[in-house]
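Bear in mind that the values in this text are calculations on the coordinates, not laboratory data. Because the structure is a prediction, the values reported are computed rather than measured. So basically every Cβ, Gly included, is an ideal-geometry build from the backbone, and we count neighbours across all protein chains shown.
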Amino acid sequence: MIKGTAVGMAAGVLASKALLANSSPIKSGGNELDVIVIGAGFAGLTAARDCAKKGYRVLLLEARGRIGGRTYDMDFDGDHIEYGGTWIHWTQGYVWAEFARYGLTLKESPALVPGSASWISQGKLHEGQAADFYGKMIEGITAFSDVDGQGGRTVFPRPYDPFFNEQLVRQLDKLSLADRLREMKGSPELKDITAGLMAMGCASPLEQGAFLDWIKWWALNDYDFGHLGDRQARFKIKEGTGALANAILNDASVKLQVNEPVSEVQQVEGGVIVRTSTGTYRAGAVVAAVPLAVLDSIKFTPSLNTVKRGASQTGNTTTGRKVYFKLKEDIGAWTGVAAPPNPVTYAFTENTVSPGSLIVSFCYPGDIDFHNVTEAQRALRTLLPDVNVVATRCHDWTADPYSRAEWCWFRPGTLTGTFNELSRPEGRIHFASGDIAQGWRGFIDGAIESGMLAARQVDEQLSKQTTTKASAGA
Ligand SMILES: Cc1cc2nc3c(=O)[nH]c(=O)nc-3n(C[C@H](O)[C@H](O)[C@H](O)COP(=O)(O)OP(=O)(O)OC[C@H]3O[C@@H](n4cnc5c(N)ncnc54)[C@H](O)[C@@H]3O)c2cc1C
């Protein structure tokens, strides 16, 4: 079935840009489009908005019944929670520009505040003051990161240019987090605490996570644990990530269709045909703004580069779970860390205001059903033995066919083996995702960076063709 789509647009603006020859309807009354963006996460929303603002006719096709992708905010019995991407920071320039542009407000999570801490080392639970615990954490990650005798500073001296020190990067990309833990200097306790933090980062067995992705985080946080806490777990959008997603969408004339999973993308003479289960559309260019792990589930004709396809199948290692626990007790400010295979690897108090406590946690992959309060309580009690869990909330991003993973954390070898290929356009297909960003890869910021760049590529491609046609017609 070929679906007709009314694309809202200002005809006057479009007159100079519209690629009527390229986007001629494949059926009378059909789809006259310049750009189809696949996926309405932050990468796709940004690409769609920027293309529409350039005057292109844009259709945004989203598989789910909502926008926002791996960000998803909601109410949890009176507390505002985020199932996915949450924290932003002014040092993340792309997301901060959008946050400021749309006049949103900040809310703080009580990350890294004084309070209590629990950690498991050598199978034994330790409890103490957060300040003492953070001291151990800093000692551990400083030793862990010091792979070059300079605190890791020579690896990504320009974090937005990951191959600036290519020789060292190629050498270190062989290392997994587990490899580096084995070779790092430090007591078993420091190694266990460091392993807990790394398991939170890679959300998978430590053998699968690239050491270099940690050093990338470390460089983006100026080699400072306090900055890491502030930039990655402190400031969130009071109105929720959904408010930012909606603001971007509503800022331009973009036609959105939800519940439209794209199954096939076919490049043809002068355009691209996109098929969903219910419709067929045609445009001059496509931005594939789906997660890296999902890319290979769409049929591309001609087939995508094998490096891209391989990275889609194995590149992103994250398979963990972000879980919110509501406790009967008010436990105050608290942080907990445990190395795999402990089910909860990193957790802290997210809200001490409501009755009881709200804990946010990052859990190790496994078969625990965190929707089941009894199972969830058993898992959390490894770190907080006396608490009573009254409710939990989480989303299984790995089982979700439209994400298949959490944020992006590469496997050893993925950076040097595939990264440069991941954002390379193939004909009229352009790629955008937080998973392939240059800077804050694996973050909302990276998604916006990537969407902005893809829109720019599309404009360069389409405007060149418009100019060529105009000169040919003159
Ligand atoms: C648990 C968790 C915690 C996180 N915490 C943070 C954080 O605190 N701060 C931060 O900055 N980042 C965080 N991130 C990462 C951040 O959320 C992502 O990097 C970012 O949202 C990715 O945006 P994206 O547009 O690239 O991909 P997505 O948001 O995944 O968007 C891709 C879109 O494509 C759609 N799609 C997929 N397949 C198809 C198809 N076949 N047809 C049509 N549409 C399709 C999806 O439904 C989705 O809407 C977190 C992520 C997770 C999962």
Cα gyration tensor of the chain, axes a ≥ b ≥ c as square roots of the eigenvalues: rounded (a/c below 1.5), prolate (a/b > b/c) or oblate? prolate
Of all DSSP beta bridges in the chain, what percent run antiparallel (nearest 5)? 70 percent
Go ahead and collect, in residue order, the members of the range 78-119 whose backbone nitrogen is under 14 Å from a label point 7 Å along the Cα-Cβ direction of Asp251. 93-105
Note on the range 169-299: contact order normalised by length, alpha-carbon pairs under 8 Å, 6 or more apart, percent, works out to 15 percent
Given R₀ = 22 Å, FRET efficiency for Asn305-Ser463 by Cβ-Cβ distance, to 0.05? 0.30
Counting only the backbone N, which residues of the range 176-191 are under 15 Å from the spot 7 Å out from the Cα of Glu207 toward its beta-carbon? 176-182
Leading residue at positive end of dipole, the range 73-196 (Cβ point charges), from Phe156, Phe133, Ala117: Phe156
Report relative contact order for the range 211-287 in percent, whole number only (criteria: Cα-Cα under 8 Å, sequence separation at least 6). 14 percent
Can you sort Leu220, Leu249 by how many other beta carbons sit within 10 Å, fewest first? Leu249, Leu220
Ranking Phe133, Phe211 by Cβ neighbours within 10 Å, fewest first, what do you get? Phe133, Phe211
Sorted by Cβ density within 10 Å, fewest first, the residues Trp409, Trp96, Trp218: Trp96, Trp218, Trp409
Rounded to 10°, Cα long-axis angle of helix 211-220 versus longest principal axis of the chain: 80 degrees
In nm, what is the difference between 0.36 nm times the number of residues separating Lys53 and Ala131 and their Cα-Cα distance? 23.2 nm
In deg cm²/dmol and to the nearest 500, what is the mean residue ellipticity at 222 nm of the chain if only DSSP H runs of at least 4 residues count, each as -39500 (n - 2.57), divided by the residue total? -10000 deg cm²/dmol
Calculate how steeply helix 444-473 sits against the longest principal axis of the alpha-carbon atoms of the chain, using the helix alpha-carbon long axis, and give the answer as 0 to 90 degrees to the nearest 10. 10 degrees
How many nm is it between the label spots at Ile138 and Asn388, if each spot is 7 Å from the Cα in line with the beta carbon? 3.9 nm
So the angle from the long Cα axis of helix 188-202 to the longest Cα principal axis of the chain, reported in degrees to the nearest 10, equals 20 degrees
Magnitude of the Cβ-charge dipole (Lys and Arg +1, Asp and Glu -1) of the range 284-440 about the Cα centre, nearest 20 debye, reported as 360 debye
Normalised by the residues of the range 332-474, what does the relative contact order come to in percent, with Cα pairs under 8 Å and at least six apart? 11 percent
Among Met184, Ala203, Ala247 the positive-end extreme of the charge dipole of the chain (Cβ point charges): Ala247
Nearest 20 debye, what's the magnitude of the dipole of the chain about its Cα centre given +1 on Lys and Arg Cβ and -1 on Asp and Glu Cβ? 1420 debye
Using a ≥ b ≥ c from the Cα gyration tensor of the range 374-441 (square roots of the eigenvalues), is it rounded, prolate or oblate, where a/c under 1.5 gives rounded and otherwise the larger of a/b and b/c decides, a/b for prolate? prolate
Classify the range 327-380: rounded, prolate or oblate, from the alpha-carbon gyration tensor (a ≥ b ≥ c, eigenvalue square roots; a/c under 1.5 rounded; otherwise prolate if a/b is larger than b/c)? oblate
